[in-house]
Amino acid sequence: MIGKTAVQNIGLSSIISVGNKSDIDEADLVEYLVKQDDTKSILMYIEGIQKGERLVNVLKEATKKKPIVVIKSGRSKRGAIAAASHTGSLAGADEIFDAIMRQCGVLRAENIQQALDWCKYLSKAPIPTGENTVIITNGGGVGVLTTDACEKYNIRLFDDTAYLNHLFSDVTHGFGSTKNPIDLTGEATSAEYEHALEVALKDKQINAVLALFCETAMIDANSLSSMIRTVYEKYKKKEKPIIFSIFGGEITENVITTLSKDNVPVFRDVYDAVSCLGVSYTQFRYVQVVDGEERVPKVSIDKISTIVNKALSDGREFLLADEGQELLNIAGLSGPKSGIARNIKQAVEIAEDIGYPVVMKVVSRDILHKSDVGGVLLDLDNKEEVLDAYQTIIHNCKVFKSNAVIDGIEVVEQVKPGTEVIIGGRRDKAFGPIIMFGLGGIYVEVIKDVSFRALPVSYRETRLMVKEIKSFPLLLGVRGEPRKDIEKIINTIYRVGYILQNCPRITDIEVNPLMVYEQGNGVKAVDIRVMLSESEGKN
Amino acid sequence: MKKIIFTSLNKNAGKTGIIIGLGKAINQKIGYLKPFGDRLLYRKKRLWDYDSAVISKIFNIEESPEGMTLGFDHSKLRYMYDETNIIEKIKSLITEVSSDTDVLFIESGKNIMHGVTVNLDALTIAKAADAKLIVVVSGDSDDIADELLYFKQHTSLKGIDFAGVVVNKVKDVDDFKMVYEDILHKIEIKILGIIPFEAELTYPSIQLISDMLMAKVISGEKALDQVVREVFVGAMSGDAAQRLEKFKNKNKLIITSGDRSDMILAAIETQCVGIILTNNILPQPNIIALASEKEVPLLLVHTDTHKVAKKIDQMVPLVDSTDMKKIGILEDSIKNYTTLVDLM
């Protein structure tokens, strides 16, 4: 690492190797380094995380002060995840790591070279003051490539075409373009190219520039180095970010090597250049965010703890259906109407009280996967069907396990169809309590369209979780469908997260499915599964 | 119209098989009731008794199997009926079924006393229906004799038209006759027949096993009617299994975990009649494709190999309405080994 950074002229304020048995971990080091003036950016190579909960808290604060880049090995390895809930099976450890690093404002690099590029750039470059980026190029194709790269790295291109035309029409040839990318064409001379960059520098609405250069007959490659150096110094003085990506023959290649050593941000490939500006913007956005005052949901943790403690004292590491329903009520979450029948007469009475159709489910400490043993029957429309369903469920459960303790049969309102989503929380081995949100339904395991966050999570961040899934447009309403009640989803995620965060004996909570209706019509937690542990915070 | 109620001293004595055999042997229009069901079949949100459904199909009975049974669970029967109206219900059912039938077979619950607390035991039904009572016994010869002696000495059959006993599934008929015929004769129990054990009747179909295990059929749906003659637990490697003679039998059922690719592939290649994949583990897609191509049923279950093997071992091989071979054996057994036809 020392050799590599020396070749690239990257200054190291510290290089620290932490052995597995050291009592100083990543969180301690980040806390220390963030206070050191001679450390401009921090690069971490991580193989595994021990005290993730503390690391998350430290990183959230540290990244507001200095950029932190991380490389983690083991991307392809699936975590050893217990399949007790979907929350565990829907993502590998790497997906969770990735999501949580983003949540903390940490920049995750794909490889060592990218990490070094980012660190070098972020250590020297000015922070952007706004989101208007302009691409200035003398080659059309490379301009389009850069536009693609900007989309990949979430860079917003300045798109006021009239304004850009006003700025750049004087320096653009007839068949060039003043739309972003500003295409000066291969006809552009060195002076015209430099002038265009001067225009962008002086303009107050342009916040960052991606300067692309292709070696042409119109520009003397021998003067390229001094031109770039001069432009860069001017930008540096005005604290406006500029990154170069240049293409050409031997002279151009030598220019890249030389300027790069002198810490001028010049790259061979546009994607490398754009990725640097991209992480700079990621950092910029993270620092801008203010979460505001957090809402504390009106949820009685004491009452939930009472339910949890009772289940544990019964020797159970999960809540029964009626206990789960009670938890939903305490949490202020809406579930279907239901009741537990201890005999067939009660089953009919509850069903008649709720109104048909109903669903019937076995309640048994000995049967966790109710559907798999024929312990759930749906769409029961009348008394006769309830009577038959009751006998069938009892029979099926006895066939599955003759000595199963059957605590009753839950009779539940069959909720009307809606958009199914899943909310899950669990205690991750590395990061402690985490929360998951995703699209539900029968394809949940295949599509795996989910987002994760480490707890505690702000209300603003919870909203981002919902927006982050690929299926978010379904919630907004597609092809004339009405928008779904997104606020109620956010509220449910927030409350589930709050419970998991504050009830250390709960290891897993899963609301699946959460039926989402049109905006204003709310959500319904059709089923809730809660797993427990005797020891606090155990995963 | 003749009315006969069949009961047994123990469950799984073979009452349904005897009714099927007798029905076939007499060639008359028959009706059937099983007031207290015990073999649940949940279809289209309603509950039927498996035996009622099979007999309905075999004898083209118009009455829906759903209406042949009053309930399957004491709590339901207690909820629906009291001591008096359950008898009335039985009588009205008999009246409904009796029209246009020559003989009505009533099958009791799993044994003679089952349902006594809800007035649905065999003797109560026999009195209510004014039906002839036939008791079916099976099992170990000594046990049969003990049970019959006890039954005769300690059961009051006053007011009941007790026709006699059918001794079913006897492993050695000659030995049974030699040891027990005189004893039974002395206690004045009329033996209506001694039916020898028939191994063929004990082989279940893949469909039945799939239903009983509530398995998910992954492939080979069209081959579910095949009969299982051998059950093989694939706990060893595929190579080791292929060296065993038992593994070479064509009518074998393999039980193995879904991740035992070597075992599953070896089984498919030896033309087994089905493979039960335990632990809810699906094999690789190429293995499923191969099984589909060769029409080998793959049945996915949640339970582990040990529990599946145990369940299959305890499974009662019920008759399928399409299994003409077994139905033929039952008919022949009644004709050749009993005098039941003479009662008709």
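Here are the numbers for this structure:
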quantity	calculated
R0 of 30 Å, Cβ-Cβ distance B:Asp100-B:Arg43: FRET efficiency to nearest 0.05	0.70
Where labels lie 7 Å past Cα in the beta-carbon direction, separation of A:Ser313 and B:Asp143 in nm	4.6
Protein accessible area in the protein assembly as shown, 1.4 Å probe - carbon and sulfur %	49
Extension reserve of the A:Gln113-A:Ile127 stretch, reckoned as 0.36 nm per residue once the Cα distance is removed	2.9 nm
Charge dipole magnitude, Cβ of K and R +1, D and E -1 - chain A, Cα centre, debye nearest 20	1000
For the pair A and B, total buried accessible area rounded to nearest 100 Å², probe 1.4 Å	1800
Partner chain coverage, peptide A:380-390 - average Cβ within 10 angstrom	4
Protection proxy ranking, peptides A:365-378, A:485-498, average beta carbon neighbours within 10 Å, highest first	A:485-498, A:365-378
For B:207-220, mean number of other protein chain Cβ atoms within 10 Å	1
13 Å beta-carbon shell around A:Val30, net charge (K/R +1, D/E -1)	+2
Listed pairs B:Lys24/B:Lys171; B:Lys89/B:Lys152; A:Lys51/A:Lys488 exceeding 27 Å between Cα atoms	B:Lys89/B:Lys152; A:Lys51/A:Lys488
B:Asn10-B:Asn251 FRET efficiency (beta carbon distance; Förster radius 25 Å; 0.05 resolution)	0.30
Using a Förster distance of 22 Å, the FRET efficiency for A:Tyr459-A:Glu31 (Cβ separation, nearest 0.05)	0.25
Segment A:Lys237-A:Lys337, length gained on full extension (0.36 nm per residue, minus Cα span)	29.3 nm
Cα-based Rg of the stretch A:133-288 normalised by 2.2 N^0.38 Å, two decimals	0.96
16 Å Cα-Cα reach of B:Lys250 towards lysines, excluding residues that sit fewer than 8 places from it in its own chain	B:Lys294
Relative contact order of chain A, pairs being alpha-carbon contacts under 8 Å that are 6 or more residues apart, as %	13
Equivalent ellipsoid dimensions for chain B as semi-axes, Å, which come from the Cα gyration tensor, largest first	40, 24, 18
Alpha carbon centroid spacing (whole Å) that separates the stretch B:59-114 from the stretch A:348-367	27
Per-residue [θ]222 nm for chain A (sum of -39500 (n - 2.57) over DSSP H runs n ≥ 4, rounded to 500)	-12500 deg cm²/dmol
B:Ser261-A:Arg365 pseudo-label distance in nm [points 7 Å out on the Cα-to-Cβ vector]	4.2
Taking the stretch B:27-173 and dividing mean pair separation by its residue count, relative contact order in percent (alpha carbons under 8 Å, at least six apart)	24
Chain B - mean residue ellipticity at 222 nm from DSSP helices (-39,500 (n - 2.57) per run, n ≥ 4, rounded to 500)	-12000 deg cm²/dmol
Simple label model, 7 Å out from Cα along Cβ direction - B:Asp130 to B:Leu157, nm	2.1
More than 45 Å apart - percent of Cα-Cα pairs taken over the protein assembly as shown	50
Normalised alpha carbon radius of gyration of the stretch A:229-374 [divisor 2.2 N^0.38 Å]	2.19
Overall form of the stretch B:1-124 per C-alpha gyration tensor (a/c, 1.5; a/b vs b/c)	rounded
Choice from B:Ile183, B:Ile334, B:Ile264 with maximal GNM fluctuation in chain B (Cα, 10 Å cutoff)	B:Ile183
Rh by Kirkwood over Cα pairs, then Stokes-Einstein D for the stretch B:166-219 at 1.567 mPa s and 4 °C, µm²/s	92
In range of the label at B:Met178: residues from the stretch B:128-144 whose backbone nitrogen is under 19 Å from the point 7 Å along Cα→Cβ	B:140-144
Positive-end residue of A:Ala389, B:Ile19, A:Gly248, charge dipole of the protein assembly as shown with Cβ unit charges	A:Gly248
Length released on extending from A:Asp353 to A:Ala217, taking residue separation times 0.36 nm less the Cα-Cα span	40.3 nm
Gyration tensor verdict on the stretch A:1-41 (Cα atoms; rounded if a/c is under 1.5, prolate if a/b is larger than b/c, oblate otherwise)	oblate
For residues of A:363-374, the mean tally of beta carbons on other chains within 10 Å	1
Loop trypsin sites (Lys or Arg not before Pro), the stretch A:175-242 (other Cβ atoms within 10 Å of the site Cβ: 11 or fewer; DSSP)	A:Lys204, A:Lys238
The stretch A:169-244 shape via C-alpha gyration tensor axes, a/c threshold 1.5	oblate
Shielded residues, the stretch B:39-80 - accessible-area loss of 30 Å² or more between chain alone and all protein chains, probe 1.4 Å	B:Leu40, B:Tyr42, B:Lys45, B:Arg46, B:Leu47, B:Asp73, B:Ser75, B:Lys76, B:Tyr79
In the stretch A:110-191, chymotrypsin sites (Phe, Trp or Tyr not before Pro) in a DSSP loop with at most 14 other beta-carbon atoms within 10 Å	A:Phe175
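The values are calculated or read from the model by the stated rules, or taken from the named source; none is laboratory data. Only a predicted model underlies this, so the values are computations on that prediction, with no experimental measurement involved. Glycine also receives a Cβ, built like all others from the backbone with ideal geometry; neighbour counts cover every protein chain displayed. Surface areas here come from the heavy atoms of the whole protein model, side chains and all, with no ligands, DNA or RNA. Shrake-Rupley method; radii C 1.70, N 1.55, O 1.52, S 1.80 Å.
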